[in-house]
Amino acid sequence: MSKHIISGHLNLSPEDFLPASKEEKESLVVMRQSVSFWQDGFRRLLKNKVALASLTVFFVILILAFIVPIFYPYNYAIQLKGSERLMPMQYSAGELARIAAGEKVFPHILGTDSLGRDYAIRVMMGARISLIVGLLASFIVLIIGSIYGSVAAFTGGWVDLIMMRIVDIIYTVPDILLIILLTFALKKPMKLLASAPGFGWINVLGINLISIFIVFALLYWVGMARIVRGQILVLKEQEYVTAARALGAKSGQIIRKHLLTNTIGTLIVTTTLQIPSAIFTESYLSFLGLGVAVPMPSLGSLASDAITGLQSYPHLLFAPAILISLIILSLNLLGDGLRDAFDPKLKN
């Protein structure tokens, strides 16, 4: 009866129970190339067209800010006599005379400001300063905040309690007041240090800008620390963390290799959002006169200077404003793309 069922209904034969051939085995094997975490993330990023377009825009802005000024014929600090308040692509009387004499004169693409300085080079240099402030400040926030938050969450107990109460205290400190106090406190020591060999860059940046970086290192990392702490509190209860502890991994190795790696998406997004936030901070401080040292421009100081002549010379405001918007938009979209590519929880 059972043999009849096997042969009649299931249509099996002795040949069906023979070992599979080499060709049959290979047809059932699905080979996948072994890739690292970063290789897999970049491969996913290349499939995101919006993120690639944002990266392209940001790369073009970087070229305009850091490479083009090297070859540009005008200097951001040099005042051209008789060239005050020129409109875009307009020449002064002296430059027209030089052109009539057969000399080649490079046009003022965005015109000039009230002091006769070429505005295009000032916008490019302003973008450079704003990007440096945003990138460096975000890097400081990322390093301090991620280390502080991960240590507090992973250690737990009274250590976490004390560390987070320190964060609460830092939240109450007004950043602008601290920048003003630091500016006056550091003025004399920084001038003495700037006179020493190898420290002339202090006069170029200005004490105000150095104070801004110090305030970012003292205050602005607390938001990053809270975000990282919340992520680590959830991740440290996972099985792979328990397994790493059982295998004898040290706390630093667990935090670095397992916990922070799985928060990479949050870290990337928070950091990319911190860059425009830092640029905005520098902008309104420049508006208050606490930004970069004159004559060095930033996008914020250029925009604030252009407000007084908005009706007559609107391009002086639109140029830095549009560039600020492009930087912020491209960084936000790029941050979303990086999160989708590198967050392990979003992988299929």
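Worth pointing out:
- Stretch gain in nm, segment Lys191-Glu237, where the contour uses 0.36 nm per residue and the Cα spacing is subtracted: 11.4 nm
- Rel. contact order, % - alpha carbon contacts under 8 angstrom, at least six apart, the chain: 24 percent
- Looking at the range 244-311, the trypsin sites (Lys or Arg not before Pro) that sit in a DSSP loop and have at most 16 other Cβ atoms within 10 Å of their own Cβ are Lys250.
- Out of every Cα-Cα pair that the range 216-348 contains, those further apart than 21 angstrom amount to 58 percent.
- The chain: DSSP helices with Cα axial extent of at least 24 Å and average Kyte-Doolittle hydropathy no lower than 1.6: 49-66, 119-155
- Here the calculated FRET efficiency for Arg43 and Ala321, from their Cβ-Cβ distance with R0 = 30 Å, stands at 0.25, rounded to the nearest 0.05.
- Residue of Lys187, Lys236, Lys22 that the Gaussian network model of the chain assigns the largest fluctuation, springs spanning Cα pairs under 10 Å: Lys22
- Most to least packed among 155-163, 315-323, 80-88, 272-280 [average Cβ atoms within 10 Å]: 272-280, 315-323, 80-88, 155-163
- A simple packing score, the average count of other Cβ atoms within 10 Å per residue, orders the peptides 201-207, 174-180, 135-141, 223-229 as 223-229, 135-141, 201-207, 174-180, with the highest score first.
- Between Thr172 and Val204, full extension at 0.36 nm per residue minus the direct alpha carbon distance yields a gain of 8.3 nm.
- Label positions at Thr308 and Phe66, each projected 7 Å from the Cα along the C-beta direction, are separated by 3.4 nm.
- Along its principal axes, the chain has C-alpha extents of 111, 61, 41 angstrom, given from the largest down.
Bear in mind these aren't lab numbers, they're just calculated from the coordinates by the rules spelled out. Predicted, not measured: the structure shown is a model, and the values here were computed from it. All Cβ positions, glycine included, derive from the backbone under ideal geometry; neighbour counts span all protein chains shown.
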